[in-house]
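Novice: Here it is: the structure, laid out below.
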Amino acid sequence: MTQRLNGKHALLTGAAGGIGLAVATAYLREGAKCTIADIGQSPTPELAALMAANPVTLAYAPTDVTSLPAIDALIASAHARFGAITTLYNNAAIFDMAPLLESGEAMYDKIFAVNVKGAFFVLQKVLAHMVDQKVQGGAVINMASQAGRRGEALVSHYCASKAAIISYTQSAALAMAPHKIRVNGIAPGVIATPMWANVDALFAKYENLPIGEKKKRVGEAVPLGYMGDPTDICGAAVFLASDEASYITAQTLNVDGGNVMS
């Protein structure tokens, strides 16, 4: 513990489990107060345990990021509880896949509603809050993906949604530079989260593979030789939120074991 985030108030979306929960845990350890938002009306057991261990510095706010009034209510409640938001970890997202010629409007609308619309308006509204509150050293971390760096035949909508996050990160960073608010992104590679059970099952369906085979293959294909763990994202997330990254903005950092070189 170095208390690199002492005095910060971080809002984390999509953080009731997986990477988001790991990052929230790291932020708390580094001295931040955290507001976690996710779609569930009640905390997951893992989040409930973290809340019990941090009753004074952690709050949960059920939120649908596709609803603009819900985002407004989230920001208002977070501000009332812990003061001005200084850090946004913009993480809420969903995944689905299908062959390009079979992908319907419903899948498109669902993915873009959460991954693009939700992410953008959380970003926009939190940045407006930071400007209004005259936040010093404000930092945003948008969660992209290695999928946003390239296309994949079965994953067109998800790839496009994460490419949009990388682009919004660059545009928002330029817009916020006069306010000295930094906007960066993280592009994880293949990370062994609970969501991978669903991802693996979808690949098994469309590529005619045994369950577990896709996960095994993608892990072995990583230059470092294995899938990442959610905690592997925490170092980058803490660094970008901290004052150590005070001269870094408009960047999306690959944390992927060497899968993408850029």
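Novice: Here is a list of conditions, (1) touching a Gly at 6+ places or on another chain (Cβ under 8 Å); (2) surrounded by fewer than 18 Cβ atoms within 10 Å (Cβ to Cβ); (3) β-branched (Val, Ile, Thr), and Ile181 meets all of them except one; can you say which number that is?
Specialist: (2)
Novice: For the subset of the stretch 90-110 comprising residues that are touching a residue at least 24 places away in the same chain (Cβ under 8 Å) and in a helix (DSSP H, G or I), which member is nearest to Ile165 (Cα to Cα)?
Specialist: Start the filter on the stretch 90-110 by keeping residues that are touching a residue at least 24 places away in the same chain (Cβ under 8 Å), which leaves 90-93, 95-100, 103, 107-108.
Keeping just the survivors that are in a helix (DSSP H, G or I) gives 100, 107-108.
Details: Leu100: 21, Met107: 18, Tyr108: 16 Å.
By that ranking, first place goes to Tyr108.
Novice: Starting from residues that are touching a helix residue (DSSP H, G or I) at 6+ places or on another chain (Cβ under 6 Å) and aromatic (Phe, Trp, Tyr), keep the ones in the stretch 210-247 and report whichever is surrounded by the most Cβ atoms within 10 Å (Cβ to Cβ). Please lay out each step first, then the result.
Specialist: Here is the first cut: in the stretch 210-247, the residues touching a helix residue (DSSP H, G or I) at 6+ places or on another chain (Cβ under 6 Å) are 211, 214-215, 226-227, 230-231, 233-234, 237-239, 245.
Next, only the ones that are aromatic (Phe, Trp, Tyr) stay: 226, 239.
Details: Tyr226: 11, Phe239: 16.
Looking at the filtered set, the residue picked out is Phe239.
Novice: Hey, another quick one. Looking at Thr57, Thr86, Thr66, can you tell me which residue is assigned by TED's automatic domain parsing to the domain that holds Asp243, more than 30 Å from Asp200 (Cβ to Cβ), touching a Phe, Trp or Tyr at 6+ places or on another chain (Cβ under 9 Å) and of a type in the set (S, T, N, Q)? Explain how you work it out, then say what you get.
Specialist: Numbers: Thr86 fails: touching a Phe, Trp or Tyr at 6+ places or on another chain (Cβ under 9 Å); Thr66 fails: more than 30 Å from Asp200 (Cβ to Cβ).
Testing whether each residue is assigned by TED's automatic domain parsing to the domain that holds Asp243, more than 30 Å from Asp200 (Cβ to Cβ), touching a Phe, Trp or Tyr at 6+ places or on another chain (Cβ under 9 Å) and of a type in the set (S, T, N, Q) leaves just Thr57.
Novice: Just wondering, is there one or more residues in the stretch 111-128 that are at pLDDT 95 or above and assigned to a strand (DSSP E or B)?
Specialist: So in the stretch 111-128, the residues at pLDDT 95 or above come out as 111-128.
Next, only the ones that are assigned to a strand (DSSP E or B) stay: none.
Within the stretch 111-128 (the criterion being at pLDDT 95 or above and assigned to a strand (DSSP E or B)), the answer is no, since none of the residues qualifies.
Novice: If you check every pair at least six apart or on different chains, which have Cβ atoms under 8 Å apart with a residue in the stretch 154-169 that is at pLDDT below 95 first and a residue that is not charged (D, E, K, R) second?
Specialist: Cβ pairs passing all conditions: none.
Novice: May I pose another question? Which one of these does Val183 not meet: (1) of a type outside the set (D, E, K, R); (2) under 25 Å from Ala32 (Cβ atoms); (3) assigned to a helix (DSSP H, G or I); (4) touching a residue at least 60 places away in the same chain (Cβ under 8 Å)?
Specialist: Exception for Val183: condition (3).
Novice: Leu202 versus (1) within 19 Å of the chain's Cα centre (by Cα); (2) surrounded by 15 or more Cβ atoms within 10 Å (Cβ to Cβ); (3) assigned to a helix (DSSP H, G or I): which is the lone unmet condition?
Specialist: (1)
Novice: On to the next question. Condition first: farther than 13 Å from Val238 by Cα, surrounded by fewer than 20 Cβ atoms within 10 Å (Cβ to Cβ) and among the small types (Gly, Ala, Ser). Now tell me which residues in the stretch 30-44 satisfy that.
Specialist: Gly40, Ser42
Novice: Tell me, yes or no, whether the stretch 64-83 has at least one residue that is within 24 Å of Val114 (Cβ to Cβ) and part of a strand (DSSP E or B). Explain how you work it out, then say what you get.
Specialist: Step one: list which residues in the stretch 64-83 are within 24 Å of Val114 (Cβ to Cβ), which gives 64-79.
With the extra rule that they be part of a strand (DSSP E or B), the set shrinks to none.
Checked against the condition, which is being within 24 Å of Val114 (Cβ to Cβ) and part of a strand (DSSP E or B), the stretch 64-83 yields no hits at all.
Novice: Picking from Thr169, Thr193, which residue would you name as being assigned to a loop (DSSP other than H, G, I, E, B) and under 14 Å from the mean Cα position of the chain (by Cα)? Give the steps one after another, and end with the answer.
Specialist: Values: Thr169 fails: assigned to a loop (DSSP other than H, G, I, E, B).
On inspection, the qualifying residue turns out to be Thr193.
Novice: Looking at the stretch 201-251 only, could you name the residues that are outside the structural domain of Tyr168 (by TED's automatic domain parsing) and over 16 Å from Val190 (Cα atoms)?
Specialist: Selection gives Ala204, Lys205, Tyr206, Glu207, Asn208, Leu209, Pro210, Ile211.
The values are calculated or read from the model by the stated rules, or taken from the named source; none is laboratory data. None of the values given here were measured: they were computed from a predicted structure. For neighbour counting, all protein chains shown are included, and Cβ atoms are generated from backbone atoms with ideal geometry for every residue, glycine included.
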